[in-house]
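The values are calculated or read from the model by the stated rules, or taken from the named source; none is laboratory data. Note that the structure is predicted; figures quoted are calculated from it, not measured. Here the Cβ is made from the backbone with ideal geometry for all residues, glycine too, and neighbour counts use every protein chain on show.
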């Protein structure tokens with residue numbers, strides 16, 4: 001996300017989908033100096049966690065129109081960068097609709113092969129919105145930076161982990177990840 005989004009100090013950013021990936025994106029946005037960090041999810045527990053990880057605003061998309069609320073928070077402009085971390089058609093659309101003119105909609109969330117997301121072509125063209133796919137990172141470059149951020153207390157690795165499980169509990173952990181009941185990241189303890 002850091003490479004694709006190119007977050008700059010003062011940027012307004014929305015993260016749509018506050019699971020393991022989305023919660024890490026919140027911390028990255030904060031570390032790069034984003035001024036407004038808007039968390040969007042449908043679970044209040046995840047939104048509460050998002051506030052502890054650096055979100056300045058939290059929107060429950062089940063209770064209110066996420067795009068309208070993002071526009072309200074940003075004075076009608078939209079965010080500089082919106083990150084979709086869920087991989088669903090609805091959140092893809094929310095991501096594109098949430099950015100300002102010339103803004104970036106960064107897609108991180110994966111889904112089933114062949115899934116499609118719709119976009120209003122005129123909105124995309126007239127508003128000069130950039131839709132960017134982002135997959136993975138650059139481990140050799142990124143891990144040393146992440147470790148330095150963690151050492152300085154800017155990126156909280158412990159706060160990102162919400163569940164630890166034994167190896168024989170992996171099946172249940174995957175089910176919980178799939179249904180969205182794990183708030184952040186799950187870690188498998190092998191020893």
Checklist line | the stretch 34-52, residues that are more than 22 Å from residue 78 (Cα to Cα) and outside any helix (DSSP H, G or I) | finding: 43
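Okay, residues lined up against (1) modelled with pLDDT under 70; (2) farther than 23 Å from residue 106 by Cα; (3) assigned to a strand (DSSP E or B):
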{"position": "143", "(1), (2), (3)": "no, no, no"}
{"position": "159", "(1), (2), (3)": "yes, yes, no"}
{"position": "165", "(1), (2), (3)": "no, yes, yes"}
{"position": "173", "(1), (2), (3)": "no, yes, no"}
{"position": "177", "(1), (2), (3)": "no, no, no"}
{"position": "180", "(1), (2), (3)": "no, no, no"}
{"position": "188", "(1), (2), (3)": "no, yes, yes"}
{"position": "191", "(1), (2), (3)": "no, yes, no"}
Note to self: If a residue must be within 9 Å of the chain's Cα centre (by Cα) and closer than 10 Å to residue 83 by Cβ, how many such residues does the stretch 14-38 contain?
What the structure shows: 8
Item checked: Residue list for the stretch 60-92, restricted to those being surrounded by 18 or more Cβ atoms within 10 Å (Cβ to Cβ), within 15 Å of the chain's Cα centre (by Cα) and either under 15 Å from residue 29 (Cβ atoms) or modelled with pLDDT under 95 (or both) -> 70, 79, 80, 81, 82, 83, 84, 85, 86, 91, 92
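Somewhere in the stretch 104-118, is a residue assigned to a helix (DSSP H, G or I) and either in contact with a helix residue (DSSP H, G or I) (Cβ under 7 Å, 6 or more places away or on another chain) or free of Cβ contacts under 8 Å to residues at least 12 places away in the same chain (or both)? Can you show your working first?
Taking the stretch 104-118 first, the residues assigned to a helix (DSSP H, G or I) are none.
No: the stretch 104-118 contains no residue that is assigned to a helix (DSSP H, G or I) and either in contact with a helix residue (DSSP H, G or I) (Cβ under 7 Å, 6 or more places away or on another chain) or free of Cβ contacts under 8 Å to residues at least 12 places away in the same chain (or both).
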